[in-house]
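The structure appears below as structure tokens.
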Amino acid sequence: MQKRLTLLGSTGSIGDSTLDVVARHPDRFSVYALTAHRNGDKLVDQCLRFAPQVAVVGDAATAQHVEQKLRAAGSKTVVAHGPQALIDVSKSDGCDTVVAAIVGAAGLEPSLAAARAGKRILLANKEALVMSGDIFMDTVRDSGAVLLPLDSEHNAVFQCMPHDGAHGGVTKIILTASGGPFRTREPSTLVDVTPEQACKHPNWSMGRKISVDSATMMNKGLEVIEAHYLFDLPGDRIDVLIHPQSVIHSMVSYADGSVLAQLGNPDMRTPIAHAMAYPDRIDSGVAQLDLAQVATLNFEKPDYQRFPCLALAMKALAEGGVASATLNAANEVAVEAFLNRRIGFMAIAQTVDAVLNALQNRSATSLDVVLEADAAARRAANKIIDSLPVPA
Ligand code: NAD
Ligand code: MG
């Protein structure tokens, strides 16, 4: 039966890759809803190509612009705007599958709505799990939703895990990390890093926020937290291993000494196609891996001194409660400030550390508690950033 998709964040990097896979398999997938924040023109092009029933944007002005262009082109797609519209298309009977590819905390509530409605959720928006992992996983269990990871590492782990739902003999998850653009850069020069340099990832082409997270390695820290919730393993059984080629996307080690790995060219269409068709396998458009050409795979331990954000995320996971929501919110504000040249690169970790120290941790007993922690962390981060020097 054809799957009907709501694609949250369709104008982003994951959105593009998802629509590329959809276009290869019109027999398998149709599009119910597409959503964008402000990039109305790109959304219009996507609507004209994929003819969704609904298109959602962030604000009324963008909605008006999109509506005008769609009507002029003869499209019947209904245009809506705002956070409630995102929730509506996520829980609608019009879709059975929700691809959660909004970046940051803005993706939490629509993703949770999809979970409550028992949808098949293809999760790229790791921040949703980092903020509210227990609440999210409980909701998925209670509603009978199916949660499939799109993040390449977690998709790899999912492929290497036993599929009986138990942990049968699993000793560790090993998340691989490229180490980003600054793996070998002289640490004393990291203060001078510009947004352009930070966004230039050696192996992957991604949105700006996750690109900066990869450069600080906060991304890997968020992924350790994501893995903890997805696979129900404590933080001390989730290792990070630097693997600069990004060919092994992650591994699972077993009691008998076996280590299972998933390999492939670094292209998000592979994990996306895997999750979209699961348990079938379909063409993703990604070239077959040529290991003879790759020739060498290297590994090393992560350097926590050079990448303090990785250590901060692991500490937040160990602390539990709302600490990881606090970490996530402080990081989002700091990354935005860095991209806007208000603070330097090393001030991202400094800000997150200061916010974690300034705010009291408490149990994440409800979504409201999590959202309050998120708001408090944003206020604290902005205050700290205001006191920091603007980079030269
Ligand atoms: P992106 O910046 O390219 O795209 C983000 C999308 O979210 C866009 O469609 C944008 O319009 C929308 N959006 C942004 N702010 C919004 C808001 N406030 N409300 C509603 N919509 C909003 O980001 P991306 O690289 O595609 O990443 C998306 C998510 O997937 C992130 O959580 C990221 O960590 C995760 N992810 C991305 C990759 C990758 O290769 N790009 C890999 C793994 C995981
Ligand atoms: Mg990843």
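The values are calculated or read from the model by the stated rules, or taken from the named source; none is laboratory data. Values in this document were obtained by computation on a predicted structure and should not be read as measured data. We place every Cβ from the backbone using ideal geometry, glycine too, and count neighbours over all the protein chains shown. The area values use the complete protein model at the heavy-atom level, side chains included, leaving out ligands, DNA and RNA. Shrake-Rupley method; radii C 1.70, N 1.55, O 1.52, S 1.80 Å.
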Taking the Cα centre of the chain as origin and charging only Cβ (+1 Lys, Arg; -1 Asp, Glu), how large is the dipole, in debye to the nearest 20?
-> 680 debye
Give the residue from GLY107, VAL22, LEU291 lying farthest towards the positive end of the charge dipole for the chain; charges sit on Cβ (+1 for Lys and Arg, -1 for Asp and Glu) and the dipole is referred to the Cα centre.
-> VAL22
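Given a 1.4 Å probe, how much area per residue of the chain is accessible, in Å²?
Details: 16660 Å² over 392 residues.
Here the residues of the chain average 43 Å² of exposed surface.
How would you order 187-194, 105-112 from highest to lowest mean count of nearby Cβ atoms within 10 Å? Could you put the intermediate results ahead of the total?
Numbers: 187-194: 13.1, 105-112: 24.0.
Sorting 187-194, 105-112 by mean packing, highest first, produces 105-112, 187-194.
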Relative contact order of the stretch 320-392: what whole-number percent is it, with Cα pairs under 8 angstrom and at least 6 residues apart?
-> 49 percent
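Counting only complete DSSP H runs, which helices of the chain cover 20 Å or more along their long axis at the Cα atoms and score a mean Kyte-Doolittle of 0.5 or above? Please list the in-between numbers first.
Details: long enough: 126-143 (21 Å, 0.00); 323-339 (24 Å, 0.83); 367-387 (31 Å, 0.22).
Those that pass (Cα extent of 20 Å or more, hydropathy at least 0.5) are 323-339.
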Cα pair count fraction exceeding 17 Å, expressed as % - the stretch 30-77 | 18 percent
Long-range share for the stretch 17-170, i.e. C-alpha pairs more than 22 Å apart as a percent of all pairs, stands at 44 percent
P(r) of the chain in 20 Å steps, Cα pairs, percent per bin?
-> 28, 60, 12, 0
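So, with a 1.4 angstrom probe, what is the percent of accessible area on the chain that is carbon and sulfur?
Working: 8410 of 16660 Å².
Here it works out to 50 percent.
Normalised by the number of residues in the chain, what is the relative contact order in percent for Cα pairs under 8 Å and 6+ residues apart? List each step's numbers first, then the result.
Numbers: 736 pairs, mean separation 54.7, N = 392.
Once divided by the residue count of the chain, the mean separation gives 14 percent.
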Cα centroid separation, the stretch 215-251 to the stretch 166-208 (Å) | 11 Å
Taking the Cα centre of the stretch 96-139 as origin, work out the dipole magnitude from +1 charges on Lys and Arg Cβ and -1 charges on Asp and Glu Cβ, in debye rounded to 20.
-> 140 debye
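If packing is taken as the average number of other Cβ atoms within 10 Å across a peptide's residues, how do 241-253, 218-230 rank, most packed first?
Working: 241-253: 20.7, 218-230: 25.8.
Final packing ranking: 218-230, 241-253.
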Two-site label geometry, ALA292 and THR189: point separation in nm, points 7 Å out along Cα→Cβ | 3.8 nm
Along Cα→Cβ, 7 Å out, is where each label goes; now give me the distance between the ones at LYS76 and ASP283 in nm to one decimal.
-> 3.1 nm
Quantify how much of the Cα-Cα distance distribution of the stretch 320-392 extends past 15 Å, in percent.
-> 46 percent
Want the number for SER363 to VAL259: 0.36 nm per residue separation, take away the alpha-carbon distance, what's left?
-> 33.9 nm
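Mind putting a number on the dipole of the stretch 3-149 about its Cα centre? Charges go on the C-beta only, +1 for Lys and Arg and -1 for Asp and Glu, and I need it in Debye to the nearest 20.
Values: 16 positive and 15 negative charges, 78 e Å.
With only Lys, Arg, Asp and Glu charged at Cβ, the dipole is about 380 debye.
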So, how do all the Cα-to-Cα distances of the stretch 18-104 break down into 10 Å bins, in percent, from 0 on up?
-> 18, 53, 28, 1
